[in-house]
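> Can you read through this structure? Questions will come right after.
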Amino acid sequence: MNPDGTIVARKLCKSFGRHQVLRDIDLTVAAGEISCIIGPSGSGKSTLLRCINGLETVDRGVLKVNGEDFGYVEKDDAYHAVRPKRLAEQRARIGMVFQQFNLFPNMTAESNVMSGPVLVQKKDRVACRERAQELLASVGLSGCGHKYPAQLSGGQQQRVAIARALAMEPTIMLFDEPTSALDPERVGEVLAVMRDLAGNGMTMLLVTHEMAFAREVADEVLFMDEGIAVERGDAREVLANPREKRTQAFLERVL
Amino acid sequence: MDVIETTTTRSGPVPSIRAEEKKRITPKRPRDYVAWAVAIAIVAGLVWTAVTNEKYRWPVVFSYFTTQTILNGLLVTLLLTAASMGLGTLMGLVLAVMRMSHQRPVSGLAQLYITFFRGTPVLVQLVFWFNIAALYPNLSIGIPFTDISTPVNVNAIMTPMTAAIVGLTLNQAAYMSEIIRGGFASVSRGQHEAAESLGMSGFTKLRHVIIPQTMPAIIPATGNQVIGMLKETSLVSVLGVADLLQSAQAIYARTYQTIPLLIVASLWYLIMTLVLSVPQSMIERRFSRSTRTRLTPAATSAEPGAGQLVPPTRESLL
């Protein structure tokens, strides 16, 4: 079986100082599956996502991404952190979309999209430029390639950010509250792009407050609270008939 | 009495306005004229005394303005500025990188250096380096635990010029490191994260993403340092380095034309700072924080996002 596009986490733990933000989190995402992590702020959802591409280091537990131990190697009964170069290689196969877009303001939209393939994968610049234009067109931004991020609206910037992540041809896409920083009228255009992506069979793991989107697109939902995975299951099932009290209370407040 | 025309709205009548094109005038107040009068009086008084007080000896000023001694001094001043600025920036970069290190001993060492060199007057530092031989008369440079070494006579190498460059450079490095560090601090954490999540190596990230974004904070501040350094070099005259000030002093020690020669030196400093301030203000307009953003040419179009603020750094890196 080809393990590309899978995420498996077992008993992940993470603390910031004395504050434990992840407590024995289990997570399984199959290839092509769309999973949403929901929960109140401060519940550890973003931290979990950030652990999966190495923006945070895990304290304890096992994490396999694309079938490989992520960020460490097992040797002599212990997990040893991998060298930065190896970590970068593993990260290059995981696309990340941030709440604040984080486009590079010193580059045009097109250069932002090209930056990964050209600077990391050392691919041919001309081919990358063509591919970047295709990707920008696929997120509805053909003709915006020459613009700088500050000349684009929030929704446009976030779509460029998605194109930039896709340019690396990732096996998995992670979204960290991709629509939370947007004007309400711009949310739809970003969700539309994500819906397309989901339809094309990309493995997606997203932290979101868009419950309607989760119900429509997600296969699985994970509800987290205070660092604990409270409830996990079929998206429509969990959102419609939550079993746990805390999930019920949360959904009552947000729906 | 005029009958006030009214327009009736849903909640009642309101006075209606006839649209008439009339000029709006803000009346000048007495203080506007007083400010001008005082400023003109001060400038006129200064010019009057400069012209009528013969002790200024303007003819002497002009006769010495371009003598060889003064021009040589000018050259030394410019060389000192360039050398200590260049070396100071390089050393400042190293210090800034050390200061940002996650390793406590490394950042602590840089911090110690910066505190010391910013906390003592540069004039004291210059005299100190000139007299360093009193502390370490002989240094020997060599490879530890071997016999290979070369003795160095500190007194012989620490000429006034060496002391001047060493003193100014070490001092400048402390200030430059803080400017460079500030530049790096101005780039948000999210930029590092975005670059890292694309799989960029540390070097690629710095070279293509982070450093270009530090420039708007670093370049204008560095320009100010250059202008400051140009004037600061006059301190080296106490060591006997034949810079612009020392050259002027050498002449008036013979001729007793103290004031005219100080005017010569001042005019040259002024000219040089003015010349430097032209590129400086151009750079500042391009980079400075307050004017960092400007309207796009498309500001009037209805396109979404048009009219938003754009950073003026226009180079495409790819």
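The values are calculated or read from the model by the stated rules, or taken from the named source; none is laboratory data. The model shown is predicted, which means the values in this text are computed figures rather than measured ones. Counting neighbours? That spans all protein chains shown, and the Cβs are built from the backbone with ideal geometry, glycine included.
> Tally up the residues in the stretch A:138-192 that are closer than 30 Å to A:ASP124 by Cβ, among the charged types (D, E, K, R), touching a helix residue (DSSP H, G or I) at 6+ places or on another chain (Cβ under 8 Å) and not in a helix (DSSP H, G or I), please.
Number of matching residues: 1.
> For A:PRO117, state whether it is in contact (Cβ under 8 Å) with a residue 12 or more places away in the chain and touching a Cys at 6+ places or on another chain (Cβ under 6 Å).
Yes: the conditions hold for A:PRO117.
> Of everything in the stretch A:75-92, what is more than 9 Å from chain B (Cβ to nearest Cβ) and in a helix (DSSP H, G or I)? Give them in sequence order.
Our first condition is that a residue be more than 9 Å from chain B (Cβ to nearest Cβ); within the stretch A:75-92, this holds for A:75-83, A:86.
Matches in the stretch A:75-92: A:ARG86 only.
> Okay, next question. Looking at B:ALA185, B:ALA194, B:ALA250, B:ALA265, which one is away from chain A (no Cβ under 14 Å), within 30 Å of A:PRO178 (Cβ to Cβ) and not charged (D, E, K, R)?
Testing whether each residue is away from chain A (no Cβ under 14 Å), within 30 Å of A:PRO178 (Cβ to Cβ) and not charged (D, E, K, R) leaves just B:ALA185.
This table checks each residue for (1) without any contact (Cβ under 8 Å) to a residue 60 or more places away in the chain; (2) within 13 Å of chain B (Cβ to nearest Cβ); (3) in contact with a Pro (Cβ under 6 Å, 6 or more places away or on another chain).
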residue	(1), (2), (3)
A:SER138	yes, no, no
A:CYS144	yes, yes, no
A:GLN151	yes, yes, no
A:PRO170	no, yes, no
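> Next question. Hey, can you tell me all the residues within the stretch B:98-157 that are among the β-branched types (Val, Ile, Thr) and touching a Pro at 6+ places or on another chain (Cβ under 7 Å)?
B:VAL154
> Can we say B:GLY183 is at pLDDT 90 or above, exposed (fewer than 15 other Cβ atoms within 10 Å of the Cβ) and outside any loop (DSSP other than H, G, I, E, B)?
Details: at pLDDT 90 or above: yes; exposed (fewer than 15 other Cβ atoms within 10 Å of the Cβ): no; outside any loop (DSSP other than H, G, I, E, B): yes.
Answer is no for this residue.
> To continue, here is another question. So, in the stretch A:93-128, how many residues would count as being within 10 Å of another protein chain (Cβ to nearest Cβ), closer than 18 Å to A:GLN157 by Cα and assigned to a helix (DSSP H, G or I)?
Adding up the residues that qualify gives 7.
> With touching a strand residue (DSSP E or B) at 6+ places or on another chain (Cβ under 9 Å), modelled with pLDDT of 90 or more and either buried (at least 18 other Cβ atoms within 10 Å of the Cβ) or aliphatic (A, V, I, L, M) (or both) as the only criterion, which of A:GLN20, A:GLN90 stands out?
A:GLN90
> Would it be correct to say that A:GLY71 is within 14 Å of chain B (Cβ to nearest Cβ) and either more than 25 Å from A:LEU191 (Cα to Cα) or basic (Lys, Arg) (or both)?
yes
> Counting just the residues of the stretch B:22-75 that are out of contact with any helix residue (DSSP H, G or I) (no Cβ under 7 Å at 6 or more places or on another chain) and in contact (Cβ under 8 Å) with a residue 40 or more places away in the chain, which one comes out farthest from B:ILE165 (Cα to Cα)?
B:TRP58
> Also: Take the stretch A:189-210 and flag every residue that is out of contact with any Asp or Glu (no Cβ under 6 Å at 6 or more places or on another chain), aliphatic (A, V, I, L, M) and buried (at least 17 other Cβ atoms within 10 Å of the Cβ).
Listed by number, the residues that qualify are A:VAL190, A:LEU191, A:VAL193, A:MET194, A:LEU197, A:ALA198, A:MET202, A:MET204, A:LEU205, A:LEU206.
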